[in-house]
Amino acid sequence: QVQLVESGGGLVQPGESLRLSCAASGSIGSINTMGWYRQAPGNQRELVATITSGFSTKYANSVKGRFTISRDNAKNTVYLQMNSLKPEDTAVYYCHADYLLAADVNFYRTWGQGIQVTVSS
């Protein structure tokens, strides 16, 4: 029932910025942790950043100081502001959400379809 829709990806030059958005829709009781993973060709999906319902954040060492994750609980939306982008940031970025369905007691993990971010000169 829960769908995640990502937007904001694209092609930028090194040093430029992008802002990714991920909006959750459907029958949602509450969302705990939301975050972003990324996957480059030949690699496994790796954590980029997460944010809890209490706004605690974690970042991969490679993006600390450059990326900022935030969320709007009223809109069930998570954002990833990516500044000072590097070619190494090129990947498909996947949003995820851990959520409770209305009238449920179990958390579920769902993923967006992924959105391409390419950093190249």
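Quick notes on this structure:
- For segment 41-121, the strands (runs of 3 or more DSSP E) that sit wholly inside it and include 3 or more residues that are modelled with pLDDT under 95 are 91-100, 107-111.
- Residue count, segment 107-119 (criterion: open to solvent by less than 60 Å² (accessible area, probe 1.4 Å) and not hydrophobic (A, V, I, L, M, F, W, C)): 4
- Residues (of a type in the set (A, V, I, L, M) and in a strand (DSSP E or B)) located in segment 25-40: ILE31, MET34
- Members of segment 79-110 found to be in contact with a Lys or Arg (Cβ under 9 Å, 6 or more places away or on another chain) and closer than 22 Å to GLY26 by Cα, listed by number: TYR79, LEU80, TYR93, TYR94, HIS96, ALA97, ASP98, TYR99
- Of residues in segment 11-24 being assigned to a strand (DSSP E or B) and surrounded by 13 or more Cβ atoms within 10 Å (Cβ to Cβ), the one farthest from the chain's Cα centre (by Cα): VAL12
- The single residue among ASP104, ASP98, ASP89 that is more than 15 Å from the chain's Cα centre (by Cα) and either crowded, with 20+ Cβ neighbours inside 10 Å or in contact (Cβ under 8 Å) with a residue 40 or more places away in the chain (or both) turns out to be ASP104.
- In segment 25-39, of all residues being open to solvent by 40 Å² or more (accessible area, probe 1.4 Å) and in contact (Cβ under 8 Å) with a residue 40 or more places away in the chain, the one that is nearest to the chain's Cα centre (by Cα) corresponds to TYR37.
- Looking only at residues of segment 40-78 that are of a type in the set (Ser, Thr, Tyr) and open to solvent by 40 Å² or more (accessible area, probe 1.4 Å), we find that the one that is farthest from GLY26 (Cα to Cα) is SER62.
- Yes/no for GLY8 being more than 18 Å from ARG109 (Cα to Cα) and open to solvent by 50 Å² or more (accessible area, probe 1.4 Å): no
The values are calculated or read from the model by the stated rules, or taken from the named source; none is laboratory data. These figures come from a predicted structure and were not determined experimentally. With ideal geometry, Cβ positions are generated from the backbone for all residues, glycine too; neighbour counts draw on all protein chains shown. Accessible surface is based on the protein model in full, side chains and every heavy atom, while ligands, DNA and RNA are left aside. Shrake-Rupley method; radii C 1.70, N 1.55, O 1.52, S 1.80 Å.
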